[in-house]
Amino acid sequence: MSRAPGEQPSPPPSVYHERQRLELCAVHALNNVLQQRLFSQEAADDICKRLAPDSRLNPHRSLLGTGNYDVNVIMAALQGLGLAAVWWDRRRPLSQLALPQVLGLILNLPSPVSLGLLALPLRRRHWVALRQVGGVYYNLDSKLRAPEALGDEAGVRAFLAGALARGLCEVLLVVTKEVEDSGSWLQAA
């Protein structure tokens, strides 16, 4: 598309992206998928207390109090906003995913553990958000310096296919309650 002489190109959309701090990837993934800071460590800790009010050692977060929240915290946080998290069945073809009905995606991926330059033979879990902003899908992994453009629907499907093929990847679809109730996040093959 051509521009008139002197006309400036439209600026790229502003993409909200939180960087990794402590073990707060679940908090960062929530805020990144929602494209604003709605949750904090304190809010996630409050959800943990509601989920296990009588537990001395809360099973939904790190014993050290540094985060590492589980899926129940993410699901409760989204429910508190009138949203839902729908598990994607990895046996389904990605062509059945109705991306226009999905607000965003949160993936749980294996993440290598290292001490400085020394890689340890351990794997931890890491929450990552994917979201469309201004017609472009982005990888909003809090471990990235900046959002990574994935492109259109084909690009995000290719990213998901790669993550699922590497194994041990779980995918949550972030949808409205209406989309969850109607099942419209799923399209016929």
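The values are calculated or read from the model by the stated rules, or taken from the named source; none is laboratory data. Predicted model, so just to flag it, every value in this text is computed and none were measured. Methodologically, a virtual Cβ is constructed for each residue, glycine included, from the backbone with ideal geometry; neighbour enumeration extends over all protein chains shown. In case anyone asks, the SASA skips ligands and DNA or RNA and just uses the protein heavy atoms, side chains included. Shrake-Rupley method; radii C 1.70, N 1.55, O 1.52, S 1.80 Å.
Within region 65-107, the set of residues being within 27 Å of ARG21 (Cβ to Cβ), among the polar types (S, T, N, Q) and at pLDDT 90 or above comprises just one member, GLN79.
Looking across region 145-189, the residues that are under 18 Å from TRP127 (Cα atoms), at pLDDT 90 or above and assigned to a loop (DSSP other than H, G, I, E, B) come down to ARG145, ALA146, PRO147. Within region 34-59, the set of residues being of a type outside the set (Gly, Ala, Ser) and part of a loop (DSSP other than H, G, I, E, B) comprises GLN35, GLN36, ARG37, LEU38, PHE39, PRO53, ASP54, ARG56, LEU57, ASN58, PRO59. Residue count for region 177-189 under the criterion of being over 21 Å from ASN32 (Cα atoms) and either touching a Ser or Thr at 6+ places or on another chain (Cβ under 6 Å) or open to solvent by 70 Å² or more (accessible area, probe 1.4 Å) (or both): the result is 6. Of everything listed in (1) at pLDDT 75 or above; (2) farther than 17 Å from LEU144 by Cβ; (3) of a type in the set (A, V, I, L, M, F, W, C); (4) out of contact with any His (no Cβ under 8 Å at 6 or more places or on another chain), the single unmet condition for ILE47 is (4). Looking only at region 136-176, residues that are in contact (Cβ under 8 Å) with a residue 60 or more places away in the chain, open to solvent by 20 Å² or more (accessible area, probe 1.4 Å) and not polar (S, T, N, Q) come to 11 in all.
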